[in-house]
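Let me begin by presenting the structure, written as structure tokens, before commenting on it.
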Amino acid sequence: MPGHKMQPLLSLFCSYGKSNFLIDHAGGSRYYSYDVRSTHHDLCPLNIMSQEIKKYSVHDGSSTTPLPVSWEECRQRGWNHLDILLVTGDYYVDHPSFGIALIGRLLESHGYRVAILSQPRFDSPHDFQLFPPPRLFCGITAGNLDSIVANYSSNGHVRNTDAYSPGGMPWRGNIQSRTERRRPDRASLVYTSLARAAFPHVPVVLGGIESSLRRFVHYDYRQDKLRCSFLTDAKADLLVYGMGEKAVAEIAERCARQQPLLGIPGTCQRFTDSELRDVFPDLEIGSSRKFLVLPGWDEIGQKPPLFLDAELALDQHGRSRSARIVLQRQQTHWVVQHPAPQPLSPVELDAVYGLPYSRRPYPAGPEIPAHLMIRDSITIVRGCSGNCSFCAITRHQGPSITSRSKGSIRRECERVTAMEDFSGTISDLGGPTANLFGTSCAIGSCKKHDCLYPKICPNLRINEQAFIDLLDEISGIPGIRHLFISSGLRMEILLQTPRLLEKILRCHLPGSLKIAPEHTDDELLSLMHKEPHDLLQRFVKKCREIGDRLGKKIELTPYIITSHPGSSVARAEQLAIDMENLGLQVKKFQDFTPTPGTLSTAMFVTGLRPDTKKPVNVARNQAERQSERRILEDHFHRRNKVLKCKRRQGR
Ligand code: SF4
């Protein structure tokens, strides 16, 4: 979603990144348009602003040694033990857009001895056993993407590229077998099992996007079936959901003090029936003011529409930032989700991004495509209140918007400009939605937390001047020749901020302006939780007016989703006509991917609309999906090729 920065990584890669990758047949889900910059995060009452982190937040760039990636390196540091081992399915890139770096550096700033085990072999625990058992815990993440999204296209084809692996290659060598992949399918489960084998007495903590969005009963599009929570499947001790800074810091603190890990904000635990009764003696069957009990595994199995009810309840619970404890029975255990911690404050967010990242892959070696994509980009905002049905950013990062301070962003840009290979271009100032930067709620927030749909909420304060000032200030830093906004921008907000829109069109576009209308059919747009087609029409008109005034041709690149629940061949045909009528070329589109943790996936699974619970058309088989895609290909690509060919031949 162009509208979403990090949308992260997939979007990162599929959408903005590769100039020769115009159509995402691979079908990366927008949902994974997370920012590489998103990962885990959020802290509880524990003070994230320890003295150490305060020190680092104003660091001078001199102590940027990456975290150790082998026990030998730990020994070279004079360590005789390890506190925390973090295991990831990605190559280690010491950059704040990569969750493992962000969490690792945060724990390091609290004084813990942290090492990274990156892309271990998964046919035996050997790579884990190269480290001694960590003293506090072993943290597991599949990486910046769900491993199924990383390994398979939306149509189930094995991907032959991996933006998070050396050279973009998903295999270790020339043998393209499943066992030779750098990242296993459902990596969180596989790594947990290996960690258990290697370190039988060490707590295992799951985190990252994969575990976070698979923490309750969820759909797995590779297997085409519902699965139980990864917490119970993996038999891990704890699962950190959402942005995990606060939770992870408290887990480390409690482990260090040998205190129980019960009730940490931002975590899920698993209990047997009797354990549940011991922990919550006041729990009654059914929901209450204190508890939200979701339909369980058996109930959903008997009555599949309850899956949509569970997803809707989770969506509302997350947006309202409810303090209720969420429970869901799996096959033999309960998953209990403790309330989310408060989002990081701007000061805390500044501190996390001010840690001494080297901003490079470690060890240095082959290029990591994801790093090339974002190495000179800066995250300025966290959270998204757009709530698009197909996107899991709100569920993962939360609906509250936190913007970094201008000073902190400036310091990070100065560090980037000081790097010897800086090209002179800051490729992006962004986040899930760049122009939510500086926004706030006039009344503090509400339970709906749906600030942009169906219209911009009158309580949403939009600070146009703050973004303009930021662009001016960063543009003025010596060494910066170009400053771009490549993250997604919400069109409805840009129409409310005409000076910012003009400034971006005039000075800060890396070629074209990426916009995310997603479709042109109003009914389908309502299922996507997006404004009607009229918004795109008004936006295109406004951009052309500005372009005429500036004497500049404004290129707009619309992003489209095909085969979303509610779509059809007839609607795809109308979409092509509508886009042509607006003079827009559709170069970027992707098949809907039913990834875990979105309402669109619940629609896909149940075939029901979330508002009325009435049936909705779902394109399930390849033929249906391909026919929608082919309409756009024929309309905008094959025909263009013919025209170009004719032009070359002078016809
Ligand atoms: S009142 Fe409006 S601006 Fe505030 S959180 Fe709710 S929807 Fe968003």
For the stretch 51-267: relative contact order, % (alpha-carbon pairs under 8 angstrom, 6 or more apart): 19 percent
Too-long pairs where the Cα-Cα distance tops 23 Å, listed order kept, from LYS406/LYS587; LYS225/LYS587; LYS406/LYS448; LYS235/LYS613; LYS303/LYS613: LYS406/LYS587; LYS225/LYS587; LYS406/LYS448; LYS235/LYS613
Give the cross-link partners of LYS290 among the aspartates and glutamates, using a straight C-alpha distance below 13 Å as the criterion and excluding same-chain residues fewer than 8 apart. ASP282
When the Karplus curve 6.51 cos²θ - 1.76 cosθ + 1.60 is applied with θ = phi - 60°, which whole-Hz ³J(HN,Hα) does each residue of the stretch 163-170 get, with x for Gly and Pro? 5, 9, 10, x, x, x, 9, x
To the nearest Å, what is the center-to-center distance of the stretch 166-239 and the stretch 262-323, using C-alpha atoms only? 23 Å
Find the relative contact order for the chain and round it to a whole percent, using C-alpha pairs within less than 8 Å whose residues are 6+ positions apart. 17 percent
Rounded to the nearest 5, what % of the DSSP beta bridges within the chain are antiparallel ones? 40 percent
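Which trypsin sites (Lys or Arg not before Pro) in the stretch 265-305 sit in a loop by DSSP (not H, G, I, E or B) and have at most 11 other Cβ atoms within 10 Å of their own Cβ?
Counting only loop positions with at most 11 other Cβ atoms within 10 Å, the trypsin sites (Lys or Arg not before Pro) in the stretch 265-305 are ARG289.
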DSSP beta bridges in the stretch 238-336 [antiparallel fraction, %, rounded to 5]: 75 percent
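Contour minus end-to-end for SER568 and THR272, with contour as 0.36 nm per residue of separation and end-to-end as the Cα-Cα distance?
Residue separation times 0.36 nm, minus the Cα-Cα distance, leaves 102.1 nm.
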If amide H atoms are built 1.01 Å from N in the plane of the peptide, which residues on other chains or at least 5 residues away come under 5 Å of the amide H of GLY244? HIS40, HIS41, ASP42
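Classify the stretch 51-267: rounded, prolate or oblate, from the alpha-carbon gyration tensor (a ≥ b ≥ c, eigenvalue square roots; a/c under 1.5 rounded; otherwise prolate if a/b is larger than b/c)?
Prolate, because a/c is 1.5 or more and a/b exceeds b/c.
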How big is the antiparallel share of DSSP beta bridges in the stretch 51-267, given as a percent to the nearest 5? 30 percent
Cross-link reach list, aspartates and glutamates versus LYS614, counting only Cα pairs under 15 Å and skipping chain neighbours closer than eight places: ASP309, GLU523
Could you tell me whether the stretch 186-235 comes out rounded, prolate or oblate from its Cα gyration tensor? Rule is a ≥ b ≥ c as square roots of the eigenvalues, rounded for a/c under 1.5, then prolate if a/b exceeds b/c, otherwise oblate. prolate
How far is it, in nm, from the label point at HIS126 to the one at GLU367 when both lie 7 Å from their Cα along the line to the Cβ? 3.2 nm
Whose amide H sits under 5 Å from the amide H of THR557, counting only residues 5 or more places off or on another chain, with H placed in the peptide plane? LEU513, LYS514, ILE515
Where the centre of each part is set by its Cα atoms, how far does the stretch 106-157 sit from the stretch 614-634, in angstrom? 37 Å
Give me CYS507, CYS451, CYS384 ranked fewest to most by other Cβ atoms within 10 Å of their Cβ, as a rough exposure proxy. CYS507, CYS451, CYS384
Mind checking which aspartates and glutamates have their C-alpha under 17 Å from LYS552, skipping anything on the same chain fewer than 8 residues away? GLU502
Added length on full extension, which subtracts the Cα-Cα distance from 0.36 nm per residue, ASP282 to ILE175: 32.9 nm
Collect residues whose amide H, placed 1.01 Å from N in the peptide plane, falls under 5 Å from the amide H of SER405; neighbours closer than 5 in sequence don't count. ASP350
Give the shape of the stretch 92-133 as rounded, prolate or oblate, defined through the alpha-carbon gyration tensor: a ≥ b ≥ c are the square roots of its eigenvalues, a/c under 1.5 means rounded, and otherwise the shape is prolate if a/b is larger than b/c and oblate if not. oblate
Farthest toward the dipole's positive end in the chain, which of GLY242, LEU483, PRO125, given Cβ charges of +1 (Lys, Arg) and -1 (Asp, Glu) about the Cα centre? LEU483
Using a 7 Å offset from the Cα along the Cα-to-Cβ direction at both ARG324 and ASP421, what is the distance between the two label points in nm, to one decimal? 5.1 nm
For the chain, what is the charge dipole size about the Cα centre, in debye to the nearest 20, if Lys and Arg each add +1 at the Cβ and Asp and Glu each add -1 at the Cβ? 1300 debye
Please rank MET491, MET243, fewest neighbouring Cβ atoms within 10 Å first, as an exposure proxy. MET491, MET243
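The numbers here are math on the coordinates, done by the rules we state, and not lab data. Remember, it's a predicted structure, so these values are computed and weren't measured experimentally. No Cβ is skipped: glycine too gets one built from the backbone with ideal geometry, and neighbour counts run over all protein chains shown.
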